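Have a look at the structure below, then the notes.
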Amino acid sequence: MSERVVLITGAARGQGRSHALRFAEDGADLLLVDRCADAPEIPFAMGSSDELKQTAKEARALGAQVLTKEVNVRDGAALTKFVETASRKLGGLDVVIANAGTYSFGPLSSLEIDDARWEEVVGTNLTGVFNTIRAAAPIMIEAGRGGAIIITSSTAARRGLRSMADYTASKHGVVGLTRTFANELASHSIRVNSVAPTGVATHMIQNPAIDKWFADNPEMLENETGNMLPVDLIEASDITNAVVWLASDAARYITGVDLPVDAGFRELT
């Protein structure tokens with residue numbers, strides 16, 4: 001990844017931080033984005049300003065040039081402005097990791113999801129990915145040196161999760177974006193793939209709010225568990241391994257793929 005510039009959304013912690021540090025270790029420079037703000041529709045704390053700064057600090061310690069921005073990926077204009085300005089400073093853009101995402105929980109019926117929650121989850125997970133690609137792809141096309149875009153999908157793109165129609169629909173949607181942009185950008189040697197994790201051991205699914213929800217509603221545990229291999233949650237580094245491989249020349253002829261990193265989850269659905 002030496003001399004490559006990588007954009008990562010949702011970079012404050014979790015999978016985004018794991019990706020950032022691996023790319024930095026491998027010699028890339030980084031554009032890191034995170035909203036760094038909570039949302040009333042999401043019942044757990046989101047990534048913070050301090051966490052984004054910590055990701056940047058650790059990446060710089062590994063030798064990377066790093067530019068950061070606190071911006072919501074739902075704000076396409078602000079995201080585009082940062083990506084255009086920052087990529088010029090670092091000499092281009094080669095790899096995009098559209099990782100920012102969220103989910104919510106509460107009512108046991110998806111029919112009870114209100115407009116605000118729907119717009120928050122679908123807006124972040126689906127519209128946010130579209131905004132990220134729309135901000136980055138023109139820069140990559142103009143540079144004429146190809147590149148790779150990797151989207152964070154989910155096993156929810158394979159299976160309908162009860163009570164989470166918003167999350168499920170958004171993740172089905174990003175697989176559609178993967179296939180569409182793989183088709184549209186192929187002539188520019190830009191590959192587009194997604195990675196579909198099973199449950200990952202990060203704050204998003206390891207927090208007091210979700211623990212209480214599962215304790216109160218044990219029948220919903222099937223939304224999270226059900227892997228073929230004997231593991232409930234995998235690590236962020238497992239997803240990073242797949243992301244870095246898809247971004248590398250080792251995967252130079254792979255595009256339009258939703259790659260499962262799911263401990264066999266989809267084979268049991």
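The values are calculated or read from the model by the stated rules, or taken from the named source; none is laboratory data. All figures in this text were calculated on a predicted structure; none of them were measured in a lab. Positions of Cβ are backbone-derived with ideal geometry, glycine not excepted, and every protein chain shown enters the neighbour counts.
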Worksheet item: For the subset of region 40-52 comprising residues that are farther than 18 Å from Val83 by Cα and at pLDDT 95 or above, which member is farthest from the chain's Cα centre (by Cα)?
Response: Asp50
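Take the residues of region 217-243 that are of a type in the set (Asp, Glu) and at pLDDT below 80: which is surrounded by the most Cβ atoms within 10 Å (Cβ to Cβ)?
Step by step, filter region 217-243, then rank; the result is Glu224.
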Discussion item. Modelled with pLDDT of 95 or more, part of a loop (DSSP other than H, G, I, E, B), among the basic types (Lys, Arg) and in contact with a helix residue (DSSP H, G or I) (Cβ under 8 Å, 6 or more places away or on another chain): is that true of Arg17 in this structure?
Written reply: no
Discussion item. Being closer than 21 Å to Leu126 by Cβ, at pLDDT 95 or above and of a type in the set (D, E, K, R): is that true of Arg74 here?
Written reply: yes
Worksheet entry | The one condition in (1) surrounded by fewer than 20 Cβ atoms within 10 Å (Cβ to Cβ); (2) touching a residue at least 24 places away in the same chain (Cβ under 8 Å) that Ala11 fails to fulfil | (1)
Fill in: Which listed residue is more than 14 Å from Val73 (Cβ to Cβ), modelled with pLDDT of 95 or more, within 16 Å of the chain's Cα centre (by Cα) and surrounded by 16 or more Cβ atoms within 10 Å (Cβ to Cβ), from Thr178, Thr127, Thr152, Thr132
Thr178
Worksheet item: Assuming Val6 fulfils every condition listed in (1) closer than 14 Å to Leu90 by Cβ; (2) hydrophobic (A, V, I, L, M, F, W, C); (3) within 13 Å of the chain's Cα centre (by Cα) apart from one, which condition is it?
Response: (3)
Practice prompt. Grab the helices (runs of 4 or more DSSP H) fully contained in region 85-201, keeping just those with 2 or more residues being in contact with a helix residue (DSSP H, G or I) (Cβ under 7 Å, 6 or more places away or on another chain) and among the aromatic types (Phe, Trp, Tyr).
Written response: 165-185
Discussion item. What are the pairs with Cβ atoms under 7 angstrom where one residue, in region 141-165, is basic (Lys, Arg) and the other, located anywhere, is part of a helix (DSSP H, G or I)? Sequence gap at least six, or different chains.
Written reply: Arg158/Arg266; Arg162/Met220; Arg162/Asn223
